[in-house]
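Engineer: Sharing a structure with you now.
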Amino acid sequence: MEIVNISKNIVKVGNKLLREKALPWSKEELNDVRRVEKLLEKMYKEMKDCTGTGIAAPQIGVNKQLFLLELPSQEGLNCPNFPLTAFFNPKIKLIDQDVTKPSRRTITDFKKFLHGSEKLLNLSQYKTKFQTEESTLPTIPTENNTITMLESCLSVPNIFAHVQRSKRCIITFLDITGKERIIEADGILAACFQHEYDHLLGKIFIDRIDKSELSNKLIYTTELTEDNLREIFKLHGDFQIIK
């Protein structure tokens, strides 16, 4: 895999800005439409220029609780298309229970969902806990409630590592109009939400790896194997808009 040239506008690891907790948006700040749109445009440009799927405001030097995420299904991922979305003041709840219910969608699932008789994920019924600086894992991690995914980050250029996270989560946030939204996520998408949310906690993905194993787990871009790339496309993901 070729080395990716990361924009000089992206805040890189080692900069103290990445270690600060992001500040929430006030109603007055969200009402400043011109400023908000300008910031979103800048974030989106930097994300796309570096072929990223997500970017957090602290990564361009803005210490605010905001990230963008876009996960196109046409890239071959086993996940429905997730459109470009801005998350203001997000909060993540991890699903702490060992959920074994399959979440892969079928025609029957969709029919039940459209008629209001069943939710596709229905994660709110399970025990939850907030993601914190210390943990992105259920209390008792198992194969059913965690996902291990090969991650990378614009702020840690050309470095990959396998990171274990909660397999399912519920994210509550404000949209660009200031309206509260709620999304339940599973698999790949849940991991992506947690990765971006970490930036708002002053964390980066390599912080989620045991320090004693860090040197052995980091993979440079040119060292990625075909197996490394294939494993990403074997993972599944799903989401449901609750509100």
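Engineer: Is the range 51-59 home to any residue that is of a type outside the set (Asp, Glu), farther than 15 Å from residue 195 by Cβ and under 17 Å from the mean Cα position of the chain (by Cα)?
Structural biologist: Yes, the conditions are met somewhere in the range 51-59.
Engineer: Could you tell me whether the range 152-171 includes any residue that is out of contact with any Pro (no Cβ under 7 Å at 6 or more places or on another chain), under 13 Å from residue 92 (Cβ atoms) and of a type outside the set (D, E, K, R)?
Structural biologist: yes
Engineer: Could you please find all residues in the range 30-41 being touching a residue at least 24 places away in the same chain (Cβ under 8 Å) and surrounded by 13 or more Cβ atoms within 10 Å (Cβ to Cβ)?
Structural biologist: Across the range 30-41, the qualifying residues are 30, 36, 39, 40.
Engineer: Taking the range 159-190, which residues are within 12 Å of the chain's Cα centre (by Cα), among the small types (Gly, Ala, Ser) and more than 16 Å from residue 120 (Cα to Cα)?
Structural biologist: 166
Engineer: Give me the residue from the range 142-165 that is touching a Ser or Thr at 6+ places or on another chain (Cβ under 6 Å) and touching a residue at least 60 places away in the same chain (Cβ under 8 Å) and, out of that set, nearest to residue 217 (Cα to Cα).
Structural biologist: 160
Engineer: Tell me, which residue of the range 1-13 that is among the charged types (D, E, K, R) and either exposed (fewer than 15 other Cβ atoms within 10 Å of the Cβ) or not in a loop (DSSP other than H, G, I, E, B) (or both) is modelled with the lowest pLDDT?
Structural biologist: 2
Engineer: Give me a count of the residues in the range 51-66 that are within 17 Å of residue 151 (Cα to Cα) and either free of Cβ contacts under 8 Å to residues at least 12 places away in the same chain or surrounded by 17 or more Cβ atoms within 10 Å (Cβ to Cβ) (or both). Even if it seems obvious, please write down each step before you answer.
Structural biologist: Filtering the range 51-66 for residues within 17 Å of residue 151 (Cα to Cα) gives 51-56, 59.
With the extra rule that they be either free of Cβ contacts under 8 Å to residues at least 12 places away in the same chain or surrounded by 17 or more Cβ atoms within 10 Å (Cβ to Cβ) (or both), the set shrinks to 52-56, 59.
So the count comes out to 6.
The values are calculated or read from the model by the stated rules, or taken from the named source; none is laboratory data. Treat the numbers as computed from the prediction; the structure is a model and nothing was measured. Cβ atoms come from the backbone with ideal geometry, glycine included; neighbour counts cover every protein chain shown.
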